[in-house]
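Q: Questions regarding the structure given below will be posed in turn.
Derivation of every value follows stated rules applied to the coordinates shown; laboratory data play no part. The structure displayed is predicted, hence computed values, not measured ones. For neighbour counting, all protein chains shown are included, and Cβ atoms are generated from backbone atoms with ideal geometry for every residue, glycine included.
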Amino acid sequence: MFELVNILFIFVTFLFLTCVPFNIFADNFNTLQSNFFKIKSLNLIINLNFLLLISLLPITISQIKSYILIFYFVFFILIYWKKIFNFLNRDYLFKIITLFVIFFILAFNIMYNLEFKWHTQIYDYLRYLVFFQDGVYSELNSYNWGKIGSAHFHPHFGQYLWAFFSRISLLNNEIYGRLFHLFLYCFSLLFLVQQSVLTKTTIRLIFFIALVLLTYDYDFFSGTQEILIFSFLVLVSVNIFNIYNKQKYLLDLCSCLLILNLLIWTKSEGFIYGFILILAIFFSPILKKDKFIVLSIYLALNLFKYIIFELNEFSSVARPGLYTIDYILNMDLGLILLRIKQIIFWLIYYLSVNEIWIICLISMMLLIFKLKNSFLNYKFLYIFLFVNILFIFASYMFPTIDTGNYIRATLNREIFSTSGFFIIAIIIYTNLLLDKEY
Amino acid sequence: MNHNKHEYIEKIKTNESIVNNLGDKFQIFILLFLLVIFIHSTNFFQNFAKVLKSNDAKRIEVVYGFCSPKGVGYINYLKKKYRFQSNPNLLHNPFYPRLNWTFFDFNKRNISTNELILVGYQGHEFKKTFAQSGNNQFKVKKIYNVKKIIGVEFLGEFTNLENNKVSFGLKFSNKGKTIDKRGTFDVTISDKAINYFSVDFDDIQNEDINYLQLNFLSNQKFVDKINNVNVYFENKIDVSNYQIIDNFENCYYLKKNV
């Protein structure tokens, strides 16, 4: 029975992260045409960046967790003590209760299944254990992981979050850390449906549940990092949409940069997704000056990561030897053609078994016909799709290992994680479809 | 251009759509209907009851089994009962992911250990039955923790083939590496139903084998009469050389004899 109390506790803790540092009911944000979910999203992203910074310091989770909890609690009281009754607002409550219901149902699905996927067992969970057992970031390099698991080095942020929330929970169990992945997933989809032209809360919630039904799969909650990438891409797709379609885009640009930072510390591929997003921003109608600021910040974030890796003597390459110039230059045409054939076959296969991808692709195709003059406002979707497919081809065409197995082991997860960015196409299309005068 | 765009977006935002005008009760009905489908598709009530009824250890056992096939339940049991002072070595079926995650303690990473956990121990000597994969080929997949091959056994009706000579080769593959040992073994057949031959083939040592293949290089008549081929292996671990701290079926917790 204690599990129930713990789930409630952990959910409230997660909600805290969306309520500070900015007041979600503050009036000054209304001038930026925001709703409270937008501020919630920004809060969450800021807090995750804050946790990312803490994860790089030589401080263990047990040393810092109480301070963080107290800090957030005091902060919360300070900014909401006059507006505490706003939380009882009918619309707000309805959304949060639905979020909790979906979270609660799926939490039991995860808590019962418990199984880790192969990658989690040989890599993710061992890294998680370092943080959970009071290790710090620099100590990730203090053990020869090849003896007991995979020696490859990947960014650590997902495992740190997992460990952090496991330690925060009342039961100190790994499963409650994984529930943060679930919260982020549910929250990002709920945030996305707020972009719908459908103003009624009930209909938005119907959309939300439908999206969860289409995208939920236990495998992605078994400790791998794809669900984090998926959720970050869902959140950032809304920001990019706003950058393309709104005059006041400062808040979205900031959110976008903060998410870029999280992406590059979550998975090695995050660097590429970040690059694609930067490309999308470059083709947006924002000021040239802003574009260069964004590019500079993106480069600075990557440089920061590189310096941290170098200081800790981590390999900047996740799997050394996977791609070598010599190998690429000496590949014969037959091998290239064989690999192209393999990639096309498996790409089509995995896309066709992923319902959300099918719907997104159909929506994107219909958008081309429907949009006519305003197509340029949504071209970020096609830029992302095009570069992402290029990336898939490049990453599976040139590795030094047997690509058949490599594709089968990883492409499914890649396809799922990037699907997050395209779900907004469904929302855009429904918006246009339901608009009478269009 | 920008002005038109914003006008257009504002239009989308403000227009009341057909769906927005649907009755409140109907919307609630759809919402609840979807929720019911959702609850059903995720087996919520079953999961809920099982999580509340059984603890983590039991649920993990359901997923991974206790001792077989993966042994996670057994390792968790050992961890709880013996409170390891170091991170024991672990030997198990390498065709499953490594299981060190089940007990690895980062704070004990530098403590040397003389303990060993064996999961799926096949015995000091064990045999594998080969399946015919071609006219003169027999194959067995996924063999692990082998020190050497110590014998080959042919079963069948060999009454008219006494004193016939047969030669066969062994070939194995591990992670794409194929080692060919063709023509290594020459034997003379007896007319008994079971023909057992001792061999000493230790090239296989410390290899986790994807497949082991036995190829006959001569005497098709003999091959045609074979019903079964068994190969005998010596395990690289002999539990009698260790102090057994705990044992359940083919799972062991051992300590090196000093």
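Q: Could you state the number of Å between the C-alpha centres of the range B:123-161 and the range B:236-250?
A: Centre-to-centre distance over Cα atoms comes out at 26 Å.
Q: With only alpha-carbon pairs counted, each pair once and no self-pairs, how large is the Kirkwood hydrodynamic radius of the range A:324-438 in angstroms?
A: Result for the range A:324-438, one decimal place: 15.9 Å.
Q: Here is a further query. Which loop trypsin sites (Lys or Arg not before Pro) in the range A:194-257, with loop taken from DSSP, have no more than 14 other Cβ atoms within 10 angstrom of their Cβ?
A: Passing both the DSSP loop test and the Cβ count: A:Lys248.
Q: Could you run the Debye sum over the Cα atoms of chain B, one equal point scatterer each and no solvent, and tell me log10 of I(q)/I(0) at q = 0.14 Å⁻¹, two decimals?
A: -1.02
Q: Could you size up the charge dipole of the protein assembly as shown around its Cα centre, putting +1 on the beta carbon of Lys and Arg and -1 on that of Asp and Glu, and report it in debye to the nearest 20?
A: About 1060 debye.
Q: Spin-label point model (7 Å from Cα, Cβ direction): what's the B:Asp105 to B:Asn55 distance in nm?
A: 1.8
Q: Enumerate the calculated ³J(HN,Hα) couplings along the range A:66-83 in order (Karplus 6.51 cos²θ - 1.76 cosθ + 1.60, θ = phi - 60°), each rounded to whole Hz, writing x wherever the residue is Gly or Pro.
A: Once θ is set to phi - 60°, the couplings for the range A:66-83 become 5, 4, 5, 4, 5, 4, 5, 5, 5, 4, 4, 4, 4, 8, 10, 4, 8, 10 Hz.
Q: Sticking with this one: Can you figure out the FRET efficiency of B:Lys236 with A:Leu322, using R₀ = 35 Å and their beta-carbon distance, to the nearest 0.05?
A: So, using R0 = 35 Å, E works out to roughly 0.65.
Q: Going by C-beta contacts inside 10 Å, put A:Lys305, B:Lys165 in order with the fewest on the left.
A: B:Lys165, A:Lys305
Q: For chain B, what is the percent of antiparallel DSSP beta bridges, rounded to the nearest 5?
A: 95
Q: Mind jotting down the three principal axis lengths of the protein assembly as shown based on Cα atoms? Whole angstrom, largest first.
A: 98, 56, 54
Q: Can you compute the modelled spin-label distance between B:Lys142 and A:Ser296, with each label point 7 Å from Cα toward Cβ, in nm?
A: 5.7
Q: To continue, here is another question. 222 nm [θ] for chain A, helices only, -39500 (n - 2.57) per DSSP H run of 4+, per residue, to 500?
A: Theoretical 222 nm ellipticity from helices: -23500 deg cm²/dmol.
Q: Could you line up A:Tyr128, A:Tyr143, A:Tyr112, A:Tyr273 from fewest to most neighbouring Cβ atoms inside 10 Å?
A: A:Tyr143, A:Tyr112, A:Tyr128, A:Tyr273
Q: Please work out how much length the chain gains when fully extended from A:Phe104 to A:Leu366, using 0.36 nm per residue of separation minus the C-alpha to C-alpha distance, in nm with one decimal.
A: Length difference between fully extended and current span is 90.8 nm.
Q: As an exercise, use a Förster radius of 30 Å and the Cβ-Cβ distance of B:Lys165 and B:Glu249 to find the FRET efficiency, rounded to the nearest 0.05.
A: 0.10
Q: Something else about it: Output wanted: per-residue J couplings in Hz (rounded whole) for the range B:244-249, from phi through Karplus 6.51 cos²θ - 1.76 cosθ + 1.60, θ = phi - 60°, x for Gly and Pro.
A: 7, 8, 8, 8, 9, 6
Q: Still on this model: Would you list A:His119, B:His92 from fewest to most Cβ contacts within 10 Å?
A: A:His119, B:His92
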